[in-house]
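Notes follow the structure.
Each value in this text was obtained by applying a stated rule to the coordinates, not by laboratory testing. Note that the structure is predicted; figures quoted are calculated from it, not measured. Methodologically, a virtual Cβ is constructed for each residue, glycine included, from the backbone with ideal geometry; neighbour enumeration extends over all protein chains shown.
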Amino acid sequence: MNLDRKLVLAGLAALAASWFVRKRRSSGSVAVLPPGPKGLPLVGNVFQVPGKHMATYFRRLCEKYGGMVSLNMAGSTFILLGTMDLAKEVMEKRSTKFSDRPTLPIYRYIDPDQIYWAFFSGRTQFVGRKLTGGIMAGVRAGETEALQHFEALTTVNRILDNRGRGWFHEMERTSASAVLSAAFGLGCPTGEEPELKQIIRSLTELVHAVTPSTSIINMLPSLDLLPGPMPWRKWGAEFRRREDELFDKLGDHAKASGMNTWAASFANGDSKSGRDTRRLINIFSIAAIDTTTAQMQSFVLACLLHPSWIGRAQAQIDAVVGEDRMPTFQDRAQLPYVEAVVRETLRWRLPVRMGIPHQSTADDILEYKGQEYFIPKGSIVYAVSWAIEHDENCYENPEEFLPERFLEGQKLKSGYETSAFGFGRRVCPGVPFAERSMWINVAMILWAFDIHKSAHCSYGESDTEFKGEFTNPPLEFPAVFAPRSARREEKRDKSENGAA
Ligand code: HEM
């Protein structure tokens, strides 16, 4: 029998087993599963879920079925939550039951010891979050603002020097360099640093591998019963070897720098095992880079496609900062419009459109619109931010880019909430760092440049213009960065570091 047929038969046998388990569970309760599309026998909805842009498919289902949806993915139940209230009810109020992570089969080969805490629960997640608490207290107190300011300043200088060429990859450089400086004391001012290139390359590989539909064993886990050197095992082992080597090198760099780095905090805070520390800081660093890059690239796309707000943002920056210096973190409280632009970018095109799924650890019943729904133990639960942030009941004209929706007159509206960073016990621990990076970059770019479309290029904002994987940056596009005045161009690198 050839390998393909063996794979399919092994997969179907295990699907049949999981289908019987599912039937018994759901028939034991009077409540029904949330509604959802009809699937095929055994495989359920597996073949309806697209390989790319899953979030858009999930959003459409949430809109069609009224907010909450269930899918049968070859025996495992997916629950989709498409409104803010539902996501908060499940992932925050019931966080004791809904804070586990499903293990994508491919993770077992990327990280057999389960240290990559973003993808697992248990001890390493506990340790990771504890260590992060301390680090982020420092970020909130302003400890990283000097280096974040420096990175944004470097970005403006590099875009000016290169006349806008390469701006798209510049966003990668600035996000990665800010994180590598804070984590390992390794600034990357040229973008040519081998560690930076390696980290960006491995991020691309990782994001591709953990997109649920891109690896065959993620979709048909039972295939993993097959013994031998399967392609996913070989790839996982090789990826892990390269990652460990890179992060060992970065760890050595952090030690040699003698700086107060995140790597040093992790090592001091969890000295039980050097290997654990290396992978804890590894996942923390990579969770930070791709997301922030995507966010900055989407911000530039918003400038090109929905430019009507830019004049108002620049008028506020000009009134507060003027032409003779660049914005600093000390201006933040006086620049609510910039804050609103950051919030609107996070809403308009989210970097992680369907969050990272949680998994339930006990059966539950949820009442919604007068009906009781059963959520079986082990369900894989997605808060579908792509639906939540475009919910017409919460946002007027949700497809438009309108920073004003977060303002009340000149002030920020109170009660801001976003699904972009997830929910409950697993909410993104990097929010203080992420929002500072975005704020200073947006403020400096709007101060320095008018951003235009390139002649003879077409632009769009539909899915075809985005990568459509687990993180969802726009595909590369050109943009013209015109200095707003000769005076600004002259002042740019004389700007003092304002984060002191
Ligand atoms: C625009 C930037 C960012 C976005 C949109 C973002 C979004 C997210 C989302 C949606 C989650 C999943 C939350 C959940 O499961 O409910 C997450 C988790 C995580 N993020 Fe971020 N993130 C960003 C930046 C960062 C930064 C700067 C760091 C670190 C400095 C970071 C570290 C992490 C880690 C370690 C996790 C896993 C947490 C856990 O599983 O307990 N992220 N992020």
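For the chain, what number results from the quotient of the Cα radius of gyration and 2.2 N^0.38 Å? Write down the numbers at each step before the final one.
Details: Rg = 23.3 Å, N = 500, 2.2 N^0.38 = 23.3 Å.
Normalised by 2.2 N^0.38 Å, the Cα Rg of the chain equals 1.00.
If R₀ is 30 angstrom, what is the calculated FRET efficiency for the pair Met259 and Asn162, using the beta carbon separation as r and rounding to 0.05?
Details: r = 29 Å, r/R0 = 0.98.
The formula returns an efficiency of 0.55 here.
Return a whole-number percent for the relative contact order of the chain, with Cα pairs under 8 Å and 6 or more residues apart as the contact set. Mind showing how you got there, number by number?
Working: 762 pairs, mean separation 121.4, N = 500.
So the answer I get is 24 percent.
Suppose every Lys and Arg Cβ carries +1 and every Asp and Glu Cβ carries -1, with no other charges. What dipole size does the chain come out with about its Cα centre, to the nearest 20 debye? Please list the in-between numbers first.
Details: 61 positive and 58 negative charges, 309 e Å.
Once rounded to the nearest 20, the dipole reads 1480 debye.
Using the C-alpha atoms of region 84-226, what convex hull volume per residue, in cubic angstrom, is computed?
Numbers: hull volume 26.1 nm³, N = 143.
With only Cα atoms used, region 84-226 gives 183 Å³ per residue.
For region 407-469, what does the alpha-carbon gyration tensor say about shape, rounded, prolate or oblate, given a ≥ b ≥ c as the root eigenvalues, a/c under 1.5 as rounded, and a/b over b/c as prolate? Display every interim value, and only then the final one.
Values: a/c = 2.01, a/b = 1.34, b/c = 1.50.
The shape class here is oblate.
Roughly how tilted is helix 145-161, in degrees to the nearest 10 and between 0 and 90, from the longest Cα axis of the chain?
70
Fewest Cβ neighbours within 10 Å first, please rank Ile356, Ile110, Ile79 accordingly.
Numbers: Ile356 17, Ile110 20, Ile79 27.
Listing Ile356, Ile110, Ile79 from fewest to most nearby Cβ atoms yields Ile356, Ile110, Ile79.
Which aspartates and glutamates, on any chain, are close to Lys249 with Cα under 14 Å apart, when same-chain ones fewer than 8 places away are left out?
Glu193, Glu195
Going through the cross-link list Lys88/Lys411; Lys64/Lys369; Lys93/Lys369; Lys411/Lys491; Lys38/Lys88; Lys52/Lys130, which pairs have a Cα-Cα distance over 23 Å in this structure?
Long pairs (Cα-Cα over 23 Å): Lys88/Lys411; Lys411/Lys491; Lys38/Lys88; Lys52/Lys130.
Starting from the amide H of Asp364, placed 1.01 Å from N in the peptide plane, find each other amide H under 5 Å away whose residue is 5 or more places distant or on another chain.
Answer set, sorted by chain and number: Ile375, Lys377.
According to the Kirkwood expression over distinct Cα-Cα pairs, how big is the hydrodynamic radius of region 195-339, in Å? Before the final figure, lay out the partial values.
Values: mean 1/r = 0.0516 Å⁻¹.
Over region 195-339, the inverse of the mean reciprocal pair distance is 19.4 Å.
If packing is taken as the average count of other Cβ atoms within 10 Å, what order do 294-302, 389-397, 373-381 fall into, highest mean first?
On the way: 294-302: 24.1, 389-397: 14.3, 373-381: 20.7.
So the order, starting with the most tightly packed, is 294-302, 373-381, 389-397.
For Asp450, which sequence-distant residues (separation of 5 or more, or a different chain) have an amide H within less than 5 Å of its own amide H, given hydrogens modelled in the peptide plane?
Ala482, Arg484
So, R0 is 60 Å and r is the distance between the beta-carbons of Ile365 and Leu305; what FRET efficiency does that work out to, to 0.05? Working shown, then result.
Numbers: r = 44 Å, r/R0 = 0.73.
Working from the Cβ atoms, E equals 0.85.
In degrees from 0 to 90, rounded to the nearest 10, what is the angle of the helix 310-321 Cα long axis to the longest principal axis of the chain?
The angle comes out near 50 degrees.
Report the Cα-based extents of region 438-483 along its three principal axes, largest first, to the nearest Å.
Sorted from largest, the Cα extents of region 438-483 read 32, 29, 12 Å.
Mind listing the phi-derived Karplus ³J(HN,Hα) values for region 347-360, rounded to whole Hz, using 6.51, -1.76 and 1.60 with θ = phi - 60°, and x for any glycine or proline?
My calculation for region 347-360 gives 7, 5, 9, 6, x, 10, 6, 10, x, 10, x, 9, 10, 7 Hz in order.
In region 259-319, what is the volume of the convex hull around the alpha carbon atoms, normalised per residue and reported in Å³?
Numbers: hull volume 7.1 nm³, N = 61.
In region 259-319, the Cα hull volume divided by residue count equals 117 Å³.
Scale the Cα Rg of region 121-191 by the rule-of-thumb value 2.2 N^0.38 Å and send over the ratio, two decimals.
1.36
Is there a quick way to get the dipole size of region 207-353? I mean about its Cα centre, with the Cβ of Lys and Arg at +1 and of Asp and Glu at -1; what is the value in debye to the nearest 20?
Working: 18 positive and 16 negative charges, 93 e Å.
Value, rounded to 20: 440 debye.
How far apart, in nm, are two points set 7 Å out from the Cα along the Cα-to-Cβ line at Ala455 and at Glu238?
Inter-label distance under the simple model: 4.6 nm.
Going by amide H atoms built from the backbone, whose H comes under 5 Å of the H on Leu407, apart from near neighbours?
Distant-sequence amide H within range of Leu407: Lys413.
Over region 175-226, what is the relative contact order in percent, taking alpha-carbon pairs closer than 8 angstrom and at least six residues apart? Please list the in-between numbers first.
Details: 22 pairs, mean separation 9.4, N = 52.
18 percent.
Tell me, what is the FRET efficiency for Ala315 and Lys249 to the nearest 0.05, using R0 = 35 angstrom and their Cβ-Cβ distance as r?
Working: r = 47 Å, r/R0 = 1.34.
Here the calculated transfer efficiency is 0.15.
Subtract the Cα-Cα distance of Asp324 and Asn268 from 0.36 nm times their separation in residues, and report this length gain in nm to one decimal.
Details: separation 56, 0.36 × 56 = 20.16 nm, distance 4.32 nm.
Gain on extension, Asp324 to Asn268, equals 15.8 nm.
So what is the calculated 222 nm ellipticity per residue for the chain, using -39500 (n - 2.57) for each DSSP H run with n of 4 or more, over all residues, to the nearest 500 deg cm²/dmol? Before the final figure, lay out the partial values.
Details: 17 runs with 239 residues, N = 500.
Taken over the chain, the calculation gives -15500 deg cm²/dmol.
Roughly speaking, what is the centre-to-centre gap between region 152-222 and region 339-388 when only Cα atoms are used, to the nearest Å?
27
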